[in-house]
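This report concerns only the one structure given below.
The values are calculated or read from the model by the stated rules, or taken from the named source; none is laboratory data. Keep in mind the model is a prediction, meaning the values are calculated, not measured. Positions of Cβ are generated from backbone atoms using ideal geometry, with glycine treated the same way; all protein chains shown enter the neighbour counts.
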């Protein structure tokens, strides 16, 4: 029986690519918050350097996650009808812009690469991602977005 | 979609804002009391390097009453010069160790900085040039000392020739007239080198009585971003006892001191200092200063006396309280690397007793600054008046580099020699016929 669930457009062997990629930036940016926080207490450059790498890796993967997610969003009108999808899209977009800005601030040398601007942005990004991840979770587990079939 | 577009617009606006304030006229930052604008911290690291185009038969431009000719060309990154008592000219071909990558930023910056330097693989050796006819055209060229480790400073005391590699001052026995040294050197004193070796050029000179050596040891970062552990013994001038090799920090807080020279009239040590980057196109001015025994000149905590640098944590108010301002600002990011006091007899008399400074040139300023050799008159052992451009023409079309001046020396005939590491030449400036 063909699925009537909202369908994913960017797929790898019929599985949604967005779901595969999106945890990587999520984890990178969450860890950036922790390494920034640790740097703000210790002023040991190792933590700030780790933040810079985490932000860069997170952003590179985020580019592909965004492309796959946008394809899904534009590819099926039933996804666009979900409130959770809009919150997920707009929230993640805001988080991405802030993370880019954060990566640029982290190119500064020493203390002001993190405090106060970097740590502020890292915190904001984590707060936004908590909301968008929750909504992404709802999209899959409540609205069955990208779920292929349901046992009958 | 509208949201995506407006978001992209926002990013572009932020990137434009990241470019920073417009540079001021560098002449506002010459002398004892330079104008210091408010500091600016960038979103995008400022990088504006001059594309290297080479000389292709052209020569630098000199001030009236002077002429210039190539003393040597086709070299491999000549950075410093030393003239032996018999008139032989030593040319140090050198390059720094590979810069480690601790952040993604450095991947990009190392790549961009490569473009600002000569493509030639640097020699790690010292060449000797002998000009027996004294016409400015050497007739003998030998490899004087080979297989060195990022050498820079050279000084001869009696029959002891000292070379400052990036990680040690090494002594070699020298006999007057010798054209090649093959005996292994003896380490007099180890200097802070790798694994991180950010400012690697170790300038070297000897006290007038020959008992002490002075080595410039630059900082290991722009502004402590490699951690304070990496800065031990750095950003200072070391005084090394020639007999024992024991050392002490003669002066500290000097971010990257080069061109160490004793002023011949007063016998006071002077140096040119490269100050910190990424606080704006006009901060912090590089400077020429006399070096006071035991003095602290601010780096990393403060600049130009007690102007705090917010990038340094933890701060040290006790040290900042002691920080003194240097003698003479040369304007921002000119990168002075060479200094010589003129005591020769060849150049016009107005140059006698004054100082020549080789300005390697900026890489982080939208309007390039430096890329020339300037002259600063001295009276009673202090700069007196404004600097004058003596050798220019290193830039063409505003932002392409034919060459970049570094180390300076005065040869036996009294002509000024200029090492040009990017143009892979040594230039000789003498009185016009």
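Determine whether residue B:276 is within 14 Å of another protein chain (Cβ to nearest Cβ), assigned to a loop (DSSP other than H, G, I, E, B) and over 18 Å from the mean Cα position of the chain (by Cα). For residue B:276, the condition - within 14 Å of another protein chain (Cβ to nearest Cβ), assigned to a loop (DSSP other than H, G, I, E, B) and over 18 Å from the mean Cα position of the chain (by Cα) - is not met.
If you go through the range B:180-198 one residue at a time, do you hit one that is free of Cβ contacts under 8 Å to residues at least 60 places away in the same chain, more than 14 Å from chain A (Cβ to nearest Cβ) and over 21 Å from residue B:94 (Cβ atoms)? Scanning the range B:180-198 turns up no residue that is free of Cβ contacts under 8 Å to residues at least 60 places away in the same chain, more than 14 Å from chain A (Cβ to nearest Cβ) and over 21 Å from residue B:94 (Cβ atoms). Of B:294, B:259, all but one fail to be at positive phi and in a loop (DSSP other than H, G, I, E, B); the exception is B:294. On inspection, residue A:122 qualifies as closer than 30 Å to residue B:224 by Cβ, at pLDDT 95 or above and more than 9 Å from chain B (Cβ to nearest Cβ). Checking each residue in the range A:77-93 for being part of a helix (DSSP H, G or I) and either surrounded by fewer than 18 Cβ atoms within 10 Å (Cβ to Cβ) or more than 14 Å from chain B (Cβ to nearest Cβ) (or both) picks out A:77, A:78, A:79, A:80, A:83, A:84, A:86, A:87, A:90.
If the condition is being more than 14 Å from every other protein chain (Cβ to nearest Cβ) and surrounded by fewer than 18 Cβ atoms within 10 Å (Cβ to Cβ), then the range B:32-47 contributes B:32, B:33, B:35, B:37, B:38. Filtered by the rule that a residue be over 21 Å from the mean Cα position of the chain (by Cα), buried (at least 18 other Cβ atoms within 10 Å of the Cβ) and under 26 Å from residue B:294 (Cβ atoms), the range B:314-353 gives B:320, B:323. Within the range A:31-66, the set of residues being touching a residue at least 12 places away in the same chain (Cβ under 8 Å), within 12 Å of chain B (Cβ to nearest Cβ) and under 14 Å from the mean Cα position of the chain (by Cα) comprises A:54, A:55, A:56, A:57, A:58, A:59, A:66.
Every test in (1) under 15 Å from residue B:333 (Cβ atoms); (2) in contact with a helix residue (DSSP H, G or I) (Cβ under 8 Å, 6 or more places away or on another chain) is passed by residue B:277 save one, and that test is (2).
Of all the listed residues (A:71, A:103, A:99), the sole one being within 12 Å of chain B (Cβ to nearest Cβ), surrounded by fewer than 23 Cβ atoms within 10 Å (Cβ to Cβ) and in a helix (DSSP H, G or I) is A:103.
All conditions in (1) crowded, with 18+ Cβ neighbours inside 10 Å; (2) without any contact (Cβ under 8 Å) to a residue 60 or more places away in the chain; (3) not in a strand (DSSP E or B) hold for residue B:126, with the sole exception of (3). Is at least one residue of the range A:12-19 within 19 Å of the chain's Cα centre (by Cα), outside any helix (DSSP H, G or I) and farther than 30 Å from residue B:229 by Cα? Yes, that holds for at least one residue.
One residue alone among B:209, B:165 is farther than 30 Å from residue A:44 by Cβ and within 19 Å of the chain's Cα centre (by Cα), and that residue is B:165. At least 1 residues being over 23 Å from residue B:268 (Cα atoms) is the threshold, and among the strands (runs of 3 or more DSSP E) wholly inside the range B:353-397 those reaching it are B:372-376, B:388-392. Whether a residue is in a helix (DSSP H, G or I) and either more than 30 Å from residue B:279 (Cβ to Cβ) or within 9 Å of chain B (Cβ to nearest Cβ) (or both) was assessed, and residue A:145 does not pass this test. Return the residues of the range B:203-235 that are within 16 Å of residue B:152 (Cβ to Cβ) and outside any loop (DSSP other than H, G, I, E, B); say none if nothing qualifies. Answer for the range B:203-235, where residues must be within 16 Å of residue B:152 (Cβ to Cβ) and outside any loop (DSSP other than H, G, I, E, B): B:204, B:205, B:206, B:213, B:214, B:215, B:216, B:217. Of the residues making up the range B:190-206, just one is more than 16 Å from the chain's Cα centre (by Cα) and within 14 Å of residue B:161 (Cα to Cα), namely B:206.
For residue B:229, state whether it is within 14 Å of chain A (Cβ to nearest Cβ) and surrounded by fewer than 19 Cβ atoms within 10 Å (Cβ to Cβ). Taking the combined requirement at face value, the residue satisfies it. Out of curiosity, is residue B:100 assigned to a loop (DSSP other than H, G, I, E, B), within 14 Å of chain A (Cβ to nearest Cβ), in contact (Cβ under 8 Å) with a residue 60 or more places away in the chain and exposed (fewer than 14 other Cβ atoms within 10 Å of the Cβ)? Spelling it out, residue B:100 is indeed assigned to a loop (DSSP other than H, G, I, E, B), within 14 Å of chain A (Cβ to nearest Cβ), in contact (Cβ under 8 Å) with a residue 60 or more places away in the chain and exposed (fewer than 14 other Cβ atoms within 10 Å of the Cβ).
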